[in-house]
Amino acid sequence: VSANPAAEQFLVQGLRRLAGRELIDTIAFGDPHFIERFSDNEAQISARDLLVTIRGQGTRRIDLTISPVADSTGWQLLTLHDHGAVELLGEGAGAGDSSKLRGPEIMAHEIKNPLAGIRGAAQLLGRKLDDKDTVLTDLIIAEVDRIATLIDQMQQLSSKTLAPVGPCNLHEAIRRTIAVLDAAQAQGSSPIPIEEAFDPSLPLVFGNSDGLVQVLINLVANAREACEGVEDARVIVRTCYSSGLQLHHADGEKPVRLPIELRISDSGPGVDPSMREHIFEPFVTSKTSGQGLGLALVHKLVRDMSGRIGHERDDQAGFTHFRVHLPLAGVINPNDDGQAELA
């Protein structure tokens with residue numbers, strides 16, 4: 001009935017030629033029992049390492065999911081993920097032991113499959129909406145792409161491999177974060193409003209825009225959670241100049257100033273005093289359902305941007321503050337590989 005741009009590219013046919021055709025006229029499945037299951041439009045079907053033939057394109061080895069569309073009886077969403085036989089099976093010269101799928105790769109693979117379905121569904125939905133109504137679908141697509149990029153980064157086992165860095169607008173990252181969090185809020189609920197205290201004169205900072213959004217999502221979401229059940233709860237995001245903080249290098253290079261401060265404050269009860277010295281360590285959490293990885297990731301992302309993050313509790317004022325300090329764009333420049341080097 002419909003196909004997103006990725007499906008058109010994969011099948012090498014446009015929607016005009018695909019619409020109205022039977023699926024088996026485009027993709028040939030070798031297992032007849034698998035084809036019979038398609039007729040059950042309420043079934044959730046998932047298959048990995050499936051050998052199929054794309055009409056006019058030859059054989060491919062793919063992962064496939066078919067899901068019923070909620071509130072639309074009889075409708076199904078088909079998602080295809082093409083790994084390529086050589087990559088998936090580790091075939092070819094020199095594959096050796098590297099052909100074995102490691103645990104992180106399997107986890108990333110399992111996450112990326114539903115992400116592809118979410119992205120495809122958002123693209124299909126966006127085609128049916130007016131331009132003024134596609135803000136949320138565009139947001140979904142952008143966030144899926146950001147999460148997929150984040151997964152790719154977490155797969156890289158070497159801590160020396162950093163995301164590309166360069167000039168970033170800090171306030172744009174904050175606004176995008178708030179839009180994401182508000183869109184993700186459960187329908188009918190009233191999220192704690194975020195107070196903005198911005199210094200509009202701040203110049204661009206040195207960092208990675210997606211990394212900044214990920215840092216902010218973690219910190220702002222944590223601040224909101226900390227304020228649940230608190231009367232007259234407040235969450236404040238502030239940007240300002242903060243002189244005095246410098247980044248010193250062990251190799252004796254000239255220290256780099258970190259004059260831009262991003263502060264996330266909340267009026268919640270604060271972190272347990274026994275945990276305050278360890279909150280940026282992996283697997284340290286006070287949440288019953290948490291994994292203790294959020295702040296550890298935040299810590300790494302900030303340091304990858306040549307910044308620093310700190311935490312403090314002001315018991316007199318009743319606020320918890322997370323302060324992110326970043327350098328100015330131009331003080332540190334990305335090299336040819338997109339990594340940081342002193343200007």
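The values are calculated or read from the model by the stated rules, or taken from the named source; none is laboratory data. Predicted, not measured: the structure shown is a model, and the values here were computed from it. All Cβ positions, even for glycine, are placed from backbone atoms using ideal geometry, and neighbour counts span all protein chains on display. Surface areas here come from the heavy atoms of the whole protein model, side chains and all, with no ligands, DNA or RNA. Shrake-Rupley method; radii C 1.70, N 1.55, O 1.52, S 1.80 Å.
Here are a few things to note about the model shown:
- If only residues of the range 78-107 that are aliphatic (A, V, I, L, M) and buried (at least 17 other Cβ atoms within 10 Å of the Cβ) are counted, the one that is modelled with the lowest pLDDT is 88.
- Residue within the range 199-210 that is surrounded by fewer than 18 Cβ atoms within 10 Å (Cβ to Cβ) and under 25 Å from residue 280 (Cβ atoms) present: no
- Listed by first and then second residue, the pairs linking a residue in the range 126-143 that is free of Cβ contacts under 8 Å to residues at least 12 places away in the same chain to a residue that is surrounded by 17 or more Cβ atoms within 10 Å (Cβ to Cβ), with Cβ atoms under 8 Å apart and 6 or more places separating them unless they lie on different chains, are 129/137; 134/126.
- Filter result for the condition that a residue is at pLDDT 90 or above and either over 17 Å from residue 224 (Cα atoms) or not basic (Lys, Arg) (or both), over 271, 284, 302: 302
- Among all positions in the range 325-342, there is at least one residue which is open to solvent by less than 30 Å² (accessible area, probe 1.4 Å), in contact with a strand residue (DSSP E or B) (Cβ under 6 Å, 6 or more places away or on another chain) and at pLDDT below 90.
- Looking at 208, 169, just one residue is at pLDDT 90 or above, in contact with a Pro (Cβ under 8 Å, 6 or more places away or on another chain) and not hydrophobic (A, V, I, L, M, F, W, C), and that residue is 208.
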